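See structure below.
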Amino acid sequence: GAGVSQSPRYKVAKRGQDVALRCDPISGHVSLFWYQQALGQGPEFLTYFQNEAQLDKSGLPSDRFFAERPEGSVSTLKIQRTQQEDSAVYLCASSTASMGEEETQYFGPGTRLLVL
Amino acid sequence: DQQVKQNSPSLSVQEGRISILNCDYTNSMFDYFLWYKKYPAEGPTFLISISSIKDKNEDGRFTVFLNKSAKHLSLHIVPSQPGDSAVYFCAASAYNYGQNFVFGPGTRLSVLP
């Protein structure tokens with residue numbers, strides 16, 4: 001079956017531009033996660049959705065970052081007024097787990113964002 | 001302060017030999033651990049996991065060992081194959097802390113033919 005897909009795969013933005021990154025999770029997966037991966041580092045948690053509810057956004061680095069999942073499937077991560085330090089790979093993951101369950105997360109290929 | 005550490009940035013192993021990748025954690029609340037493998041330009045791919053109620057989990061050539069008292073886990077790959085060359089991430093989560101995983105910085109494994 002289809003895995004997690006993300007678009008675009010690559011995005012170049014000028015500093016100050018707004019960007020929107022899309023994630024299509026595996027069909028039927030309840031949970032959806034966004035991670036940020038800087039060069040040479042492991043992924044760092046940004047935010048978590050269970051269906052359409054954003055249950056944890058503690059990892060979002062600033063109020064310029066906003067995520068939504070209005071119908072409980074596709075999610076969009078929006079970054080307003082991009083800064084050079086936002087340059088990273090943004091990974092989306094989904095899982096079947098509900099709150100409190102242990103379950104593997106399946107990752108998409110990521111969107112590589114470069115802010116000039 | 002890194003809660004999940006992988007102190008070896010890189011590791012080279014001869015094909016057919018054992019690869020041992022190590023991971024240490026500081027948060028005693030972590031109770032679920034995973035290893036992911038990542039090839040360039042791809043997302044991390046799940047490899048193997050272990051719950052804190054176990055000390056060993058095996059899946060084919062891959063075995064994960066957990067030492068809770070030492071807050072240490074390791075991934076053994078036997079025998080190593082050139083296709084195993086990738087970056088390996090250790091990840092941990094805590095039942096009461098929500099669903100997100102905390103990742104280590106990764107270890108780049110090179111399996112030499």
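Okay, here's what the table says:
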{"read-out": "Selection from A:Cys92, A:Gln80, B:Leu21 lying farthest towards where the dipole of the protein assembly as shown points positive, charges on Cβ", "value": "A:Gln80"}
{"read-out": "Rounded, prolate or oblate (a/c below 1.5 giving rounded, otherwise prolate when a/b exceeds b/c) for chain B by Cα gyration tensor", "value": "prolate"}
{"read-out": "Lys pairs, the protein assembly as shown - Cα-Cα below 24 angstrom, 8 or more residues apart or on other chains", "value": "22"}
{"read-out": "Efficiency of FRET from Cβ geometry, B:Gln2 and A:Leu114, R₀ 25 Å, rounded to 0.05", "value": "0.45"}
{"read-out": "Two-site label geometry, A:Ala2 and B:Arg108: point separation in nm, points 7 Å out along Cα→Cβ", "value": "3.4 nm"}
{"read-out": "At most 12 other Cβ within 10 Å, DSSP loop - trypsin sites (Lys or Arg not before Pro), the range A:56-116", "value": "A:Arg81"}
{"read-out": "GNM top mover of B:Tyr39, B:Tyr25, B:Tyr88 - chain B, alpha-carbon springs below 10 Å", "value": "B:Tyr39"}
{"read-out": "Simple spin-label estimate for B:Thr45 and B:Ala70 in nanometres, 7 Å along Cα-Cβ", "value": "3.0 nm"}
{"read-out": "Distance between modelled label sites at A:Asn51 and A:Arg81, nm, 7 Å Cα→Cβ extension", "value": "3.5 nm"}
{"read-out": "Relative contact order (%) - criterion: Cα under 8 Å, at least six apart; region: chain B", "value": "37 percent"}
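No value in this document is a laboratory result; all are computed from the given coordinates. Computed from a predicted model, the values in this text were never measured in an experiment. All Cβ positions, glycine included, derive from the backbone under ideal geometry; neighbour counts span all protein chains shown.
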